Amino acid sequence: MNNLTLGPGTRLQHTQYGPGVIVALRYATYIISFINHGVKEIDKTDDKLEEIIPENVSAEIETHSEVERSLLKILRLWGGITENVPMGEKWSKGTMLLQPFDKTLKPKEIPVEDFFHKIVMLRDRLRVLEQNINSHKKLNDEDKVNLQQYITRCYGSLTTFNVLFKDKEDWFVGEKS
């Protein structure tokens, strides 16, 4: 079955579980109440499902912006895909010079592009960490909030590096007063 937008109330036939009705939706699965097998969670792309009587069909279920954001986070986590974040033009081909207080020691030069790439990778990993915390099954809501606040404080500690970003929407944002 190719239709990924069926809604609650749709009657289905499953070759293994028999007739059933969609009672709830998740992003990638249907929660289906089967007459002879109780409630089961079935992947929306399961080829053993056959639609009988569609109800509440809507394309909005799969195109909602939160689903798209979640999918992008999953792709970044599992596909090694990172967001293309532009660096401010004034930093292009620049270098950072780390000069020790002791002038007899050699300074370290780092290309700004390399440093910027590390900052963007750190930001992406913090976002994945946030997603993992929010979807963790064993953490209670209070623990999730506490960890989320800690990550927000980490973002706040990194706001110094916002000067490197071309676009303000890519900036680190900490706690707002």
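Close Cβ contacts (under 8 Å, 6 or more residues apart or on different chains) running from residues in segment 134-152 that are in contact (Cβ under 8 Å) with a residue 24 or more places away in the chain and under 22 Å from Trp171 (Cα atoms) to residues that are of a type outside the set (Ser, Thr, Tyr) and part of a helix (DSSP H, G or I) comprise Ile151/Leu126; Ile151/Leu129; Ile151/Glu130; Ile151/Ile133.
The set of residues from segment 109-127 being in a helix (DSSP H, G or I), in contact with a strand residue (DSSP E or B) (Cβ under 7 Å, 6 or more places away or on another chain) and either modelled with pLDDT under 90 or among the hydrophobic types (A, V, I, L, M, F, W, C) (or both) comprises Val112, Phe115, Phe116. Among the residues making up segment 166-177, those that are at pLDDT below 90 and more than 21 Å from the chain's Cα centre (by Cα) are Lys176, Ser177. In segment 135-171, the residue that is surrounded by the most Cβ atoms within 10 Å (Cβ to Cβ) out of those that are acidic (Asp, Glu) and within 30 Å of Arg26 (Cα to Cα) is Asp170.
Among the conditions (1) at pLDDT 65 or above; (2) over 30 Å from Pro111 (Cβ atoms), Glu62 misses just one, which is (1). How many residues are part of a helix (DSSP H, G or I), more than 18 Å from His117 (Cα to Cα) and of a type in the set (Asp, Glu) if we restrict to segment 128-177? Within segment 128-177, residues that are part of a helix (DSSP H, G or I), more than 18 Å from His117 (Cα to Cα) and of a type in the set (Asp, Glu) number 4.
The values are calculated or read from the model by the stated rules, or taken from the named source; none is laboratory data. Just so it is clear, the structure is predicted and the values come from calculations on it, not from any experiment. In this analysis, Cβ positions are derived from the backbone assuming ideal geometry, glycine residues included, and neighbour counts consider all displayed protein chains.
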